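What follows is a short report on a single structure.
The values are calculated or read from the model by the stated rules, or taken from the named source; none is laboratory data. Computed from a prediction, not measured in an experiment: that's the story for all the values here. Note that each Cβ is placed from the backbone with ideal geometry, even for glycine, and that neighbours are counted across all protein chains shown. Side chains included, ligands, DNA and RNA excluded: accessible areas come from the protein's heavy atoms. Shrake-Rupley method; radii C 1.70, N 1.55, O 1.52, S 1.80 Å.
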Amino acid sequence: MVLCALRQQVLRCSSHCRTWARLPQRQRSGCVYSSIHGFNQDEIKEKLQAFHGGSIDLLKQDSGIAVLTINNPSRMNAFSGSMMVDLEERVSQLENWPEGKGLIVQGAAETFCSGSDLNAVRAISNQQDGMKMCMFMQNSLTRLLRLPLISVALVEGRALGGGAELTTACDFRLMAAGSVIQFVHKHMGLVPGWGGAARLVHLVGSQNALKLLGGAVKVDPELGVNIGLVDGVLEGHQKAGGAAPLLQQAENWLSRYTKGPAPVIQAVKKVVLSGRELPLSEALRTEKDIFGTVWGAPANLEALASKSKHK
């Protein structure tokens, strides 16, 4: 009997692990590529680290909302090689943040991100290294999207190329008045390589994605809202003025979705993630597993005691 029960427990655990292999349960579990794809993360990290400049800064707040800042103003916040490595490390930190509920991704100095630093791109322009960089950034941005946090890209100024791709790795996008999102890859003789095209199709549909990529269309806030790429338009600037600073506006906007205990908000994100990425039968089983983590937990018991369902 004991052996039988143990065997059933192992089988349940194995099934649960397979179901969650594509979801962000632990560091790197959300990766698209691994050694079976010929991908060596440590090798490409070492190569990318050689191209210095800028930083990816992370601020975790007591509110449970973190702020991730793309910081390389002298190059319009373009990603150097070391910044690509920074991003992967910051995502790892967020994956292991039990109190986390939300994330705002922004650029420093009133611009969002202009993609890759061309100095680094030229240095790894051979096809083999380019593919490794592509896989590394796809892994990082996929893990960013799969975080158990509700995320929003705060776009001020320009989000170009890889910067436009970065916005699609968040759950929501807010644009400041006068800002632009533009997939300029065609002008560089390229297509998106950080997963931006696949995510864009999910966000705006294949026809709109073709228009944005094929025409390198400048997406202003009005167009972004009309095609479903943008979820809100903010007024003012980061500096204090007539309107609240943009970051504060973004925090206020996000807080309506992150109000409540962290385990509940993370569970909400996980069930949506499973519904988005898994076949229906797997998504239903995953939803059941997640439901089991909050049923009878402190937040649920407190809500039952206060009869807060209809408040």
Among the residues of segment 136-170, which ones are open to solvent by 10 Å² or more (accessible area, probe 1.4 Å), closer than 15 Å to residue 230 by Cβ and out of contact with any helix residue (DSSP H, G or I) (no Cβ under 8 Å at 6 or more places or on another chain)? 157, 158
Residue selected from segment 21-33 under the condition farther than 18 Å from residue 85 by Cβ and part of a loop (DSSP other than H, G, I, E, B), by the criterion modelled with the highest pLDDT: 29
Every residue in segment 46-82 that is open to solvent by 50 Å² or more (accessible area, probe 1.4 Å) and aliphatic (A, V, I, L, M), please. 50, 59, 76
Can you find a residue in segment 277-297 that is among the polar types (S, T, N, Q), under 21 Å from the mean Cα position of the chain (by Cα) and open to solvent by 40 Å² or more (accessible area, probe 1.4 Å)? no
Output the qualifying pairs, or none if there are none: Cβ atoms under 7 angstrom, residues six or more apart or on different chains, first residue in segment 276-299 and within 26 Å of residue 203 (Cβ to Cβ) and in a helix (DSSP H, G or I), second residue at pLDDT 95 or above and β-branched (Val, Ile, Thr). 287/271; 290/271
Please determine, by comparing only the residues of segment 182-224 that are among the polar types (S, T, N, Q) and buried (at least 16 other Cβ atoms within 10 Å of the Cβ), which one is nearest to residue 236 (Cα to Cα). 182
Of the conditions (1) part of a loop (DSSP other than H, G, I, E, B); (2) in contact (Cβ under 8 Å) with a residue 12 or more places away in the chain, the single one that residue 152 does not satisfy is (1)
